[in-house]
Amino acid sequence: MSVEQFIASQRNFHTKRAYTTDLRHWETFANGEDISLDTLTRFRDHLEADFKATTAVRIYNTVRTYHKWAGIDSGLFDKVKAPKRIVNWVPVVPEEDDVNDLLGVVQKPKDRAIIALLLNGLRAQEVCDLKVEDFYFDKALDAHMLRITGKGGKLRVIPVTLETSNALLSILPRRGSIFRNLNPRKVYYLFEKYGVASRGIHPHSLRHNYATRLVRADVDVFSVSRLLGHSRAETTQVYVNLDQRDLVRAARKDPRNVPQVPQGRRGDDSDVLSVVPLRSVPAMAG
């Protein structure tokens, strides 16, 4: 199957454009060579040397996705590690107060439903692609469910929050697309319309908010990964790291976490220690 067919199979315009650029890098590098362990290793090293970490990872993942889709030696990608990621990258996650402020100004039921879905972890394109039959009530599970077609046509089924189900039930049409004529650009425009884009709140940041809420509620990484539709649990690990950062910040507020050093005995107060910041202690000779 050709690269052109693979790109044509993608629904999102931005994904098509990114995949076209990424696969052009691969075709230029491979220069007609059949894929092999050596070629793939050299390509990975080339990406690490000549591109930013995030770009290198994206290009490599695109090439892997294409080969898996086409069934062309995709097993080789299990043997060659992807380019190194940025270790300290942390997603921008809106605070709950910011999210509540946004919900407080959204009046139109359709807009509230879109935002509720984003807060339920959907990507903007996934929201746009939803059809009426994708939303249903599962009696056995006693839960409203969503059938979502994600990146690369990957299907996942997830339960939705009460907030999301109520929002959808209030605007659900009889048939067809839930949101007619909706595209990701219009979804992004909502955040400009409600004045929160300038504060760094955008559709994907609400997905980050969803993942972080789950991690803080002690949901295991594997389950969070499945709910988000991540291909690999390692992608979800960043939210665990983010939660650990929050724990460290909280622990640092402990009054007993203030550095303490003894200043010696003074008079009768032999058991009293003076507390001074460590930076104030002169360096010891020797």
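Rounded to whole numbers, the Karplus 3J(HN,Hα) couplings from phi for the stretch 19-25 are 5, 4, 5, 5, 6, 5, 4 Hz, using 6.51 cos²θ - 1.76 cosθ + 1.60 with θ = phi - 60°, and x at Gly and Pro. Within the set Lys108/Lys131; Lys84/Lys151; Lys84/Lys186; Lys16/Lys131, which residue pairs have Cα atoms separated by over 25 Å? Too far apart for the 25 Å limit: Lys84/Lys186.
Computed over the stretch 95-147, the percent of Cα pairs more than 13 Å apart is 66. Taken along the Cα-to-beta-carbon direction at a fixed 7 Å, the label points for Glu48 and Met145 span 4.2 nm.
Amide H to amide H, with H built 1.01 Å from N, Ala143 comes under 5 Å of Asp138, counting only residues 5 or more places away or on other chains.
Suppose R0 equals 30 Å; then what is the FRET efficiency for Ala70 and Arg175 from their Cβ-Cβ distance, rounded to the nearest 0.05? Calculated transfer efficiency: 0.30. In a fully extended conformation the segment linking Leu37 and Glu163 would gain 40.5 nm over its present Cα-Cα distance, using 0.36 nm per residue. Note that the stretch 31-45 has calculated 3J(HN,Hα) couplings of 6, x, 5, 6, 5, 8, 4, 5, 4, 5, 5, 5, 5, 4, 5 Hz, one per residue in order, obtained from phi through the Karplus relation 6.51 cos²θ - 1.76 cosθ + 1.60 (θ = phi - 60°); glycine and proline are x. Put simply, the amide H of Lys131, placed in the peptide plane, has neighbours under 5 Å in Ile178, leaving out anything fewer than 5 places away on its chain.
Rounded, prolate or oblate for the stretch 3-78? Axes are the square roots of the Cα gyration tensor eigenvalues, ordered a ≥ b ≥ c, and the cut-off for rounded is a/c under 1.5. It would help to have the intermediate numbers written out before the result.
Working: a/c = 1.78, a/b = 1.22, b/c = 1.46.
It is oblate, given that a/c is not under 1.5 and a/b is not larger than b/c.
Annotation: the residues Val99, Val63, sorted from fewest to most other C-beta atoms within 10 Å of their own C-beta, follow the order Val99, Val63.
Read-outs throughout are calculated quantities, based only on the coordinates presented, and are distinct from any laboratory measurement. These figures come from a predicted structure and were not determined experimentally. So basically every Cβ, Gly included, is an ideal-geometry build from the backbone, and we count neighbours across all protein chains shown.
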